[in-house]
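Novice: Structure below; questions to follow.
The values are calculated or read from the model by the stated rules, or taken from the named source; none is laboratory data. The structure displayed is predicted, hence computed values, not measured ones. Using ideal geometry, Cβ is built from the backbone for each residue, glycine included, and neighbour counts are taken over all protein chains shown.
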Amino acid sequence: MLFSSLEFLVFLGVVLVGYHLVIPSRRWGARKTFLLCASYVFYMAWHPVFALILLGSSLLGFVLGPALAPEWPARGRRIALVVSLVGNLGALGFFKYGEFVTANVYWLLGPAIGYRPPPVWSIALPIGISFYVFEVVSYSLDVYRGVLRPCRSFLDFALFLAFFPHVLCGPIVRAGQLLPQFVRPPRLEGAGVETALARIGIGFVKKVLFADTLGAYVDLVFANPSPYGPGNVLLAVYAYAYQIYFDFSGYTDIAIGLAGLFGLGLPENFDRPYMATSPRDFWRRWHVTLSAWLRDYVYVSLGGNRRGPGRTQVNLLLTMLLGGLWHGAGWHFVAWGGYHGILLVLERMLGKRVEPRGVVTAWLARLVTFHLVCAGWVLFRAESLADAWLVFARLASPGQFVPVPGAGVVAALLAIAIATHSLLAATTTWRTLVRIPPWCQGMGYAAVIILCLLLAQQQAPFIYFQF
Amino acid sequence: MKRVWIVTLSCGLTLLVAASVAIGWYWQGGVAAGRHAYRDLLEVRETLERPVTRRPVVVWLGDSTIMGKAKVSYPRRLEERLRGTLDVENRIVATGGLHFESYFCLMGAVLTLKPDAVVVIANPTQFRGPAIRPSSHLCALMPRDHLPGAMWRALRPGGVPLSTLLSLRLLGVPGVRDPLFFLTGLRRAIQSALVWDWLGTKATEEGKGLLVWGGDRGDARLAIVDSWRNGLGSQVRADEPVMETVRATVRMAARRGVPIIVIGHPVPYDRLRAEAAYDPADFRRRFPFREAVEQAGGLFVDLHDAVAESGFRDRWVHLNAQGTERMATLLEPVMRRVLARPEGG
């Protein structure tokens, strides 16, 4: 049930009517139960059995929560934490990395076991598992550290994990951000709903108009870069940088907007990432909730910068390697994480020498950072390290631009994307939208719905669905 | 909240006006285009709902390679050959672009015919990753008792979504069918409008990693366009969802005691050998049908190298009269043997 499908439109209509018009606002518990049921129906639309894993993860997190609180004996808390982490991360490891680990172990043991092929497991990846497992882990660690009180209501806890706008692709919500909103009925205000609608509209335009159009060209060139010139490949790399941004930030806009329709707030995930002046700045702007998660629960747990410069750099590198691996079970994702880790280490080593001073150097720094990030995207987008190498080799080799159908449109869309990304602050667009007359807004949203129904590629799910 | 109601009303009214304009302008055309888009569904429904006239009945599930008259369709040719000794009714459930996902969706309905045997065409050119024609709408034809099983099956990574499975059931409801056809037809009309040609962004099915064989254009050159690996050069791993679908399709028939034969459809192997690397053992390794079919209780007949280049009439591995005759000759003893079995009679 993609957000851009007719089925989702019907689902959302039913849920909104049920939530706002059928169940009275004073019956907050009933509304939450209804939202939880709707969220599970939404999740089960992909595969009913996956809902059991989500439910299991919710139960494990909830049941162990009170045992993690500081008032319990230290030994018991530690055991509860280990069980929670092993249970949740174990599930993630099994479903996401089982085949990858087995294949690599067999490869390593090759000479000893006579190069036998690894057993075929054929494990399906439950959609959204990377996101909700990280949410349960953050909850457990927050309770263990005494930052958060354990949740007393299973309904609230299950809804925190399964709430349909964020269950598939985030943002990775902390319990401290969403659980307090479930305590009493949220106040739904007109301005909030208008902003939510504006964000949903913008999200769909980002996805359907920009990401999917750019994606068609990217797929063509990345499938086999050999026949194309370096100009084509460079255009494809730039196009991918904006495709993945529009795809994921479009999803986030829709998710935040959808939550807004129920009066609930989700954290922001992007802050014009290609305006970053350094790799560190990039990670403060790109997939913010994941960066913050990695910082708080991996980097800090490893010791952060408290154990000297050498250890800090190792910690940075390890954190980014894990961040890369979180995106998928493939060496090219590990390489992508490692690459960003090295960039962060280098930036830390160079210190203030690379800090931009003045407008010109700031723009120069943005340009350099953008290209460094783009090089990373090649590792990320390629299906293997060998494929990534092929793209780099094509970029470095001589050749002319091969006229490809659609390249002009891609270039035009990129120009619009770069201009809006550089000139408009993220909040400006929807704040401007809500100022226009409401009848005009309504017509605009109708146009977006028509755009989605008629043009959306039903076979083009959001990129982050696979993670 | 007053502004929100105005937004909602204005949105609703705009959609209503747009829908009215579209319906007034394009209803007939849209419904016709939608009906055309779902033609395989309609044709297949018609074929499956036709009463059985004689026994034995053999249902052939396949793509365009077995469609057409007896001259170019080996199931038809085979029926002619068997007439007299075995008066078989060959029920051909086929349309362009069907593949194992479609066969899986259809198998439940096929089995309701109580066939004496089922023959499935495994066309290697259909195994190049995402299907060129998504046919999940064929699940509209699934018998109701087959639905729960289908939800669990990995038709594609993650399975055919439950929402798709259920919403497509609406295609069986006459009052809903025409509006759905209209919406599909309108989508098709807009997505194939000339403007995309001018902009250069029209997505064409042709040329996306397909084997392009210039034989029908006179130059008789085999060109492997773009990606040899995506076409016949693709590697289908035994653990891919598509192979799981192959096993599930075969298993469904085998469990009901219906003999099921999967035919590895011919490819122009001699031309491939001349123009690019071709090795029969390597080909079989890359398309591990035999293991999948036999594990699931079916019979695999590998005919991928049974027809020489002169037996094909175009680049889409459609056979000409010579190739059809050759296939009928090779399959005749197989069919006789299968239909002579006690469970086949």
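Novice: For B:V31, are the conditions met, namely being aliphatic (A, V, I, L, M), touching a strand residue (DSSP E or B) at 6+ places or on another chain (Cβ under 7 Å) and away from chain A (no Cβ under 14 Å)? Show your work before the answer.
Specialist: On the way: aliphatic (A, V, I, L, M): yes; touching a strand residue (DSSP E or B) at 6+ places or on another chain (Cβ under 7 Å): no; away from chain A (no Cβ under 14 Å): yes.
No.
Novice: Any idea which of (1) more than 23 Å from A:L385 (Cα to Cα); (2) out of contact with any Gly (no Cβ under 7 Å at 6 or more places or on another chain) is the one A:V167 doesn't satisfy?
Specialist: (2)
Novice: Mind listing just one residue for me: the one in the stretch A:61-79 that is touching a residue at least 24 places away in the same chain (Cβ under 8 Å) and surrounded by 18 or more Cβ atoms within 10 Å (Cβ to Cβ) and, of those, farthest from A:C169 (Cα to Cα)?
Specialist: Filtering first and then ranking leaves A:R77.
Novice: Separate question: Within the stretch B:300-327, how many residues are aliphatic (A, V, I, L, M) and touching a residue at least 60 places away in the same chain (Cβ under 8 Å)?
Specialist: Adding up the residues that qualify gives 4.
Novice: Of all the residues that make up the stretch B:5-61, how many are of a type in the set (F, W, Y) and not in a helix (DSSP H, G or I)?
Specialist: In the first step, residues of the stretch B:5-61 are kept if they are of a type in the set (F, W, Y); the result is B:5, B:25-27, B:38, B:60.
Applying the additional criterion that residues be not in a helix (DSSP H, G or I) yields B:38, B:60.
So the answer is 2.
Novice: Continuing with the same structure: For the structure I just gave you, tell me whether A:L235 is within 14 Å of another protein chain (Cβ to nearest Cβ), at pLDDT 90 or above and surrounded by fewer than 24 Cβ atoms within 10 Å (Cβ to Cβ).
Specialist: Working: within 14 Å of another protein chain (Cβ to nearest Cβ): yes; at pLDDT 90 or above: yes; surrounded by fewer than 24 Cβ atoms within 10 Å (Cβ to Cβ): yes.
So A:L235 passes the test.
Novice: Can you name the residue in the stretch A:220-245 that is of a type in the set (G, A, S) and closer than 26 Å to A:V205 by Cα and is also farthest from the chain's Cα centre (by Cα) among such residues?
Specialist: A:A223
Novice: What are the residue pairs meeting all of these: first residue in the stretch A:349-365, first residue assigned to a helix (DSSP H, G or I), second residue not hydrophobic (A, V, I, L, M, F, W, C), Cβ atoms under 6 Å, and 6 or more apart or on different chains?
Specialist: Short answer, once both residue conditions are applied: A:A362/A:T277; A:A362/A:P356; A:A365/A:T277; A:A365/A:P356.
Novice: Same structure, new question: Residue check, A:G192 against (1) in contact with a helix residue (DSSP H, G or I) (Cβ under 8 Å, 6 or more places away or on another chain); (2) more than 14 Å from A:L266 (Cα to Cα); (3) within 11 Å of chain B (Cβ to nearest Cβ), all met but one. Which one?
Specialist: Exception for A:G192: condition (2).
Novice: Would you please list the contacts, defined by Cβ atoms under 8 Å and residues six or more apart or on different chains, that run from a residue in the stretch A:29-48 that is within 13 Å of chain B (Cβ to nearest Cβ) and within 21 Å of A:G263 (Cβ to Cβ) to a residue that is aliphatic (A, V, I, L, M) and in a loop (DSSP other than H, G, I, E, B)?
Specialist: From the stretch A:29-48, the pairs are A:F42/A:M1; A:F42/A:V167.
Novice: So which of B:R76, B:R35, B:R81 is closer than 18 Å to B:R177 by Cα and in contact (Cβ under 8 Å) with a residue 12 or more places away in the chain?
Specialist: B:R35
Novice: Can you find a residue in the stretch A:255-273 that is out of contact with any His (no Cβ under 7 Å at 6 or more places or on another chain) and over 30 Å from A:L35 (Cβ atoms)?
Specialist: yes
Novice: Something else now. Condition test on A:A211, is it within 21 Å of the chain's Cα centre (by Cα), at pLDDT 95 or above, of a type in the set (G, A, S) and not in a loop (DSSP other than H, G, I, E, B)? Walk me through it before giving the result.
Specialist: Numbers: within 21 Å of the chain's Cα centre (by Cα): yes; at pLDDT 95 or above: no; of a type in the set (G, A, S): yes; not in a loop (DSSP other than H, G, I, E, B): yes.
In short, no.
Novice: Cβ-Cβ distance below 9 Å, separation of 6 or more or different chains: which pairs start in the stretch A:432-449 with a residue that is within 8 Å of chain B (Cβ to nearest Cβ) and end on one that is crowded, with 16+ Cβ neighbours inside 10 Å and of a type in the set (D, E)?
Specialist: A:P438/A:E194; A:Q441/A:E194
Novice: Scan the stretch B:70-90 and tell me whether some residue there is surrounded by fewer than 15 Cβ atoms within 10 Å (Cβ to Cβ), touching a helix residue (DSSP H, G or I) at 6+ places or on another chain (Cβ under 8 Å) and either within 30 Å of B:R144 (Cα to Cα) or within 14 Å of another protein chain (Cβ to nearest Cβ) (or both).
Specialist: No, the conditions are met nowhere in the stretch B:70-90.
Novice: Something else now. Which count do you get for residues in the stretch A:246-272 that are surrounded by fewer than 23 Cβ atoms within 10 Å (Cβ to Cβ) and under 20 Å from A:T369 (Cα atoms)?
Specialist: Total satisfying the criteria: 3.
Novice: Could you check the stretch A:93-192 for helices (runs of 4 or more DSSP H) lying wholly inside it with 2 or more residues that are out of contact with any Phe, Trp or Tyr (no Cβ under 9 Å at 6 or more places or on another chain) and at pLDDT 85 or above? Break it down into steps so the answer makes sense when it comes.
Specialist: Numbers: elements: A:98-108, A:110-113, A:129-145, A:154-162, A:175-178.
In the stretch A:93-192, A:129-145 are the helices (runs of 4 or more DSSP H) which contain 2 or more residues that are out of contact with any Phe, Trp or Tyr (no Cβ under 9 Å at 6 or more places or on another chain) and at pLDDT 85 or above.
Novice: Select from the stretch B:117-138 the residues that are more than 14 Å from chain A (Cβ to nearest Cβ) and modelled with pLDDT under 75 and list them in ascending order.
Specialist: B:Q126, B:F127
Novice: I'd like to check something: does the stretch B:18-35 contain any residue that is touching a Lys or Arg at 6+ places or on another chain (Cβ under 6 Å), more than 22 Å from B:H318 (Cα to Cα) and surrounded by 17 or more Cβ atoms within 10 Å (Cβ to Cβ)?
Specialist: Checked the stretch B:18-35: at least one residue is touching a Lys or Arg at 6+ places or on another chain (Cβ under 6 Å), more than 22 Å from B:H318 (Cα to Cα) and surrounded by 17 or more Cβ atoms within 10 Å (Cβ to Cβ).
Yes or no, residue by residue, for (1) at the interface with chain A (Cβ under 9 Å from one of its Cβ atoms); (2) not small (G, A, S):
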site	(1), (2)
B:L13	yes, yes
B:A18	yes, no
B:H36	no, yes
B:E49	no, yes
B:V52	no, yes
B:R55	no, yes
B:V59	no, yes
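Novice: Next up: Is it the case that B:K114 is assigned to a loop (DSSP other than H, G, I, E, B), at pLDDT 90 or above and among the basic types (K, R)?
Specialist: Yes.
Novice: Being part of a helix (DSSP H, G or I) and polar (S, T, N, Q) is the requirement here; does B:T65 meet it?
Specialist: yes
Novice: Have a look at A:L55, A:L21, A:L2 and point out the one that is outside any loop (DSSP other than H, G, I, E, B) and in contact (Cβ under 8 Å) with a residue 24 or more places away in the chain.
Specialist: Numbers: A:L21 fails: in contact (Cβ under 8 Å) with a residue 24 or more places away in the chain; A:L2 fails: outside any loop (DSSP other than H, G, I, E, B).
Answer to the selection: A:L55.
Novice: Does at least one position in the stretch A:28-40 carry a residue that is of a type outside the set (G, A, S), assigned to a helix (DSSP H, G or I) and touching a Gly at 6+ places or on another chain (Cβ under 7 Å)?
Specialist: Yes, because at least one residue in the stretch A:28-40 is of a type outside the set (G, A, S), assigned to a helix (DSSP H, G or I) and touching a Gly at 6+ places or on another chain (Cβ under 7 Å).
Novice: On to the next question. Within the stretch A:221-241, identify whether any single residue is outside any loop (DSSP other than H, G, I, E, B) and closer than 30 Å to A:G260 by Cβ, and answer yes or no.
Specialist: The answer is yes; a qualifying residue exists.
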